[in-house]
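Colleague: Take a look at this one; I'll ask things after.
Please treat every number below as a calculation from the coordinates, not as lab data. If you're wondering where the values come from, they're calculated on a predicted model, not measured in any experiment. As a convention, Cβ positions derive from the backbone with ideal geometry for all residues, glycine included, and neighbour counts pool all protein chains shown.
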Ligand SMILES: Cc1ncc(C[n+]2csc(CCOP(=O)(O)OP(=O)(O)O)c2C)c(N)n1
């Protein structure tokens with residue numbers, strides 16, 4: 001490595017020759033592969049944009065010019081070029097560099113990201129602010145073709161195209177979302193890219209431009225006019241041109257000369273323009289350039305094979321995702337009215353297993369959570385039983401669809417919310433901390449959370465059997481504590497019921513989902529200290545089990561509600577209101593995730609930090625009991 005250590009900021013790129021820029025790109029790629037083998041992370045997307053990132057920082061005057069990256073998982077090369085090389089070993093670790101973009105991390109991170117398709121809207125906001133301030137700088141949004149499956153991107157394009165503002169959109173087209181991209185736009189981009197007639201015309205244009213005297217901007221009007229008209233016939237540009245963008249491309253995103261030349265020409269222009277760049281996700285990964293396999297890898301992998309260096313435990317516990325995927329797949333074989341819907345996350349949600357066993361009833365709709373939910377609502381009106389498997393954090397995108405399209409019409413859609421709770425290294429953008437609060441607020445929504453995988457499948461069955469309205473279940477990014485049963489052996493959890501798992505007389509813990517087993521462990525510790533705790537598994541948050549609650553309230557002076565979700569307007573808050581109506585003398589304390597941003601760290605650390613492990617729950621119960629004793 002000779003060049004990279006000398007790049008302290010993008011200003012250090014400016015004196016480099018084209019050959020040196022190419023050399024630097026190779027060094028960035030090698031550094032990424034090396035560092036990610038230890039830290040893990042989203043390696044595939046970054047490897048695809050090494051040359052693009054180098055060219056953008058070379059051509060544009062960052063941070064004065066603003067680069068707005070979509071999602072942010074492809075920003076590792078950007079981090080390397082913007083003074084963060086030395087910190088790369090801390091990527092995704094506690095107190096380390098974020099795996100996404102963060103305004104507090106660097107002035108070069110112009111807009112925080114983690115969820116897809118925000119870049120065009122944010123960039124337009126920045127461009128308008130620039131114009132209001134009477135300033136002069138460039139704003140560039142870099143979006144993937146996956147982001148073009150998302151409605152928000154079109155809202156941004158629609159607004160920006162008509163605005164005539166000075167804004168550049170770089171479309172990084174690698175034909176991949178996390179999985180291969182889906183949908184009509186994706187097909188359109190691919191077909192034109194591969195159209196041999198277009199390529200012949202393009203080389204002819206290239207020759208004409210090369211033979212023209214002076215730089216590209218000086219090419220005669222005739223050639224440019226011809227180029228424009230030919231383009232509108234043969235290129236994907238026609239779509240973007242109709243939306244008000246001047247279209248450039250497609251260009252090879254690994255050809256530094258082509259990138260630098262095009263971006264240099266584009267920089268001098270004004271108005272909305274779109275540069276279409278073709279890249280290969282995972283470019284240069286030693287184990288092969290497989291976009292989906294290398295989307296993200298855990299720490300400690302061997303880049304030559306992509307496999308873990310340390311052997312996994314002999315019988316590793318499956319994840320909730322895997323147990324859910326297998327159970328749903330079986331349910332699909334059992335019932336021909338069940339369909340599975342994912343918003344671009346077939347592997348992440350486990351629904352890829354369902355896709356294999358029930359291919360005609362599996363729908364990947366793209367990064368389109370709102371559409372996924374309303375599409376499910378449409379299916380439900382016709383007697384189909386849709387299961388929408390969407391991460392808790394991404395379902396936030398579809399809240400209006402959940403209320404307006406599903407709940408108000410009492411449609412039986414099942415929402416399977418994976419990654420609910422604390423999510424570990426992905427950090428604040430991906431936290432599933434709000435679903436309890438947002439789902440409890442939806443009229444007619446059944447809200448549930450299992451304590452283990454068997455109960456998760458029992459709740460899934462209960463959800464499918466519940467035909468009078470929507471039903472959601474939430475489960476964590478974690479391994480299961482039990483051995484997942486076969487779906488065929490799992491009965492539905494009786495609707496609206498709780499489970500009293502341990503009876504005591506001092507404090508009653510009303511535990512939700514992932515907190516049930518730690519609450520039991522805490523109760524065992526406290527029992528040895530002479531404190532007798534009741535533990536209730538509140539697997540149905542709404543509707544709650546009225547009989548069991550009444551009995552618990554009758555027998556205890558003090559309840560503690562424990563949940564892995566924000567403490568604001570969560571189950572604890574909900575129970576506080578309900579219990580006040582039953583017996584105003586009974587005190588309800590809440591124990592959830594505090595109302596602050598929870599930073600990246602291993603999930604177990606995060607649970608301990610917020611007191612949601614067994615020790616934290618025991619501490620809280622002790623403190624409550626002591627305060628009660630003092631008051632009494
Ligand atoms: C709203 C939302 N839904 C789902 C995801 C999960 N996700 C992360 S990256 C990605 C694919 C993005 O594809 P693309 O925009 O083409 O970018 P690339 O990975 O190719 O750079 C998805 C679906 C997300 N980040 N945000």
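Colleague: Ranking request for peptides 586-597, 120-131: highest mean number of other beta-carbon atoms within 10 Å first, then the rest in descending order.
Modeller: On the way: 586-597: 17.7, 120-131: 19.6.
Order by mean packing, descending: 120-131, 586-597.
Colleague: Taking the Cα atoms of segment 465-561, what is the range of coordinates along each of the three principal axes, in descending order and whole Å?
Modeller: 43, 30, 23
Colleague: Still on this model: Using just the C-alpha positions of segment 504-632 as equal point scatterers, what log10 of I(q)/I(0) does the Debye formula give at each q in 0.22 1/Å?
Modeller: -1.39
Colleague: Kirkwood Rh, Cα Rg: Rg to Rh for segment 293-350? Can you show the working numbers first?
Modeller: Values: Rg = 15.2 Å, Rh = 13.9 Å.
With Rh from the inverse mean 1/r over Cα pairs, Rg/Rh is 1.09.
Colleague: Another question, if that's okay. Using mean Cβ contacts within 10 Å as the protection proxy, how do 12-20, 469-477 order, highest first?
Modeller: Numbers: 12-20: 12.3, 469-477: 26.2.
Top to bottom by mean Cβ count within 10 Å: 469-477, 12-20.
Colleague: From zero up to wherever the largest Cα-Cα distance of segment 110-190 sits, split into 10 Å bins and tell me the percent of pairs in each.
Modeller: Taking every Cα pair in segment 110-190, the percentages come to 18, 49, 26, 7, 0.
Colleague: Over segment 271-408, what lengths in whole Å, largest first, do the semi-axes of the equivalent ellipsoid take, defined as the square roots of 5 times the eigenvalues of the alpha-carbon gyration tensor?
Modeller: Details: eigenvalues 193, 111, 36 Å².
Output for segment 271-408: semi-axes of 31, 24, 13 Å.
Colleague: OK, next. Using alpha carbons only, what's the Rg to Rh ratio of segment 39-189 with Rh from Kirkwood? Before the final figure, lay out the partial values.
Modeller: Working: Rg = 15.2 Å, Rh = 15.8 Å.
My calculation of the ratio gives 0.96.
Colleague: Can you compute log10 of I(q)/I(0) for segment 82-154 with the Debye formula, treating each Cα as one identical point scatterer, at q = 0.27 Å⁻¹?
Modeller: Taken in order of the listed q values, log10 I(q)/I(0) reads -1.19.
Colleague: Compute the helix-to-body angle for 196-211: its Cα long axis versus the longest principal axis of the chain, expressed 0 to 90° and rounded to tens.
Modeller: Value to nearest ten degrees: 50.
Colleague: As a check on your grasp of the helix formula, calculate [θ] at 222 nm for the chain: sum -39500 (n - 2.57) over DSSP H runs of n ≥ 4, divide by the residue count, round to the nearest 500.
Modeller: Only helices count here, giving -12000 deg cm²/dmol.
Colleague: Cα axis of helix 516-528 to longest principal axis of the chain: angle in degrees, 0 to 90, nearest 10?
Modeller: 40 degrees
Colleague: Let me ask something else. Need one number: the % of Cα-Cα pairs in the chain sitting beyond the 45 Å mark. Provide the component values of the computation, followed by the final result.
Modeller: Numbers: 50909 of 199396 pairs.
The answer is 26 percent, as a whole percent.
Colleague: For a quick protection proxy, order the peptides 145-153, 175-183, 329-337 by their average other-Cβ count within 10 Å, most packed first. It would help to have the intermediate numbers written out before the result.
Modeller: Numbers: 145-153: 24.0, 175-183: 20.8, 329-337: 17.3.
The packing order, highest mean first, is 145-153, 175-183, 329-337.
Colleague: Treating each Cα of segment 456-505 as an identical point scatterer and ignoring solvent, apply the Debye formula and state log10 I(q)/I(0) at q = 0.16, 0.17, 0.32 Å⁻¹.
Modeller: Each listed q maps to, in turn, -0.60, -0.67, -1.26.
Colleague: Hey, another quick one. Expressed as an acute angle from 0 to 90° and rounded to the nearest 10, what is the orientation of the C-alpha long axis of helix 184-194 relative to the principal long axis of the chain?
Modeller: 30 degrees
Colleague: Taking the convex hull of the Cα atoms, report for segment 350-444 its projected area averaged over all directions, in nm². Display every interim value, and only then the final one.
Modeller: On the way: hull surface 25.4 nm².
Averaged projected hull area, Cα only: 6.3 nm².
Colleague: Restricting attention to the alpha-carbon atoms of segment 3-96, what are Rg (one decimal) and Dmax (integer), both in Å?
Modeller: That works out to 12.5, 38 Å for Rg and Dmax.
Colleague: What percent of all Cα-Cα pairs in segment 400-535 falls in each 5 Å bin, counting up from 0?
Modeller: It works out to 2, 9, 17, 18, 19, 16, 12, 5, 2, 1, 0, in whole percents.
Colleague: May I pose another question? Could you tell me what percent of the DSSP beta bridges with both partners in segment 399-527 are antiparallel, to the nearest 5? The partial results should precede the final answer.
Modeller: Details: 1 of 8 bridges.
So the antiparallel bridges in segment 399-527 amount to around 10 percent.
Colleague: Let me ask something additional. Bin by bin, in steps of 5 Å, what percent of the Cα pairs in segment 431-492 do you find, going until the bin that has the longest distance?
Modeller: Per 5 Å bin, starting at zero, the Cα-Cα P(r) for segment 431-492 comes out as 4, 17, 25, 22, 18, 10, 3 percent.
Colleague: Given the chain, what percent of its DSSP beta bridges are antiparallel, to the nearest 5?
Modeller: Details: 12 of 66 bridges.
Bridges in the chain are about 20 percent antiparallel.
Colleague: What percent does the relative contact order of the chain come to when contacts are Cα pairs within less than 8 Å and at least six residues apart? Kindly include the intermediate steps, with their values, before the conclusion.
Modeller: On the way: 1326 pairs, mean separation 70.1, N = 632.
Relative contact order of the chain: 11 percent.
Colleague: Could you give the distance between the Cα centres of segment 273-298 and segment 567-603, to the whole Å?
Modeller: Segment 273-298 and segment 567-603 have Cα centres spaced 43 Å from each other.
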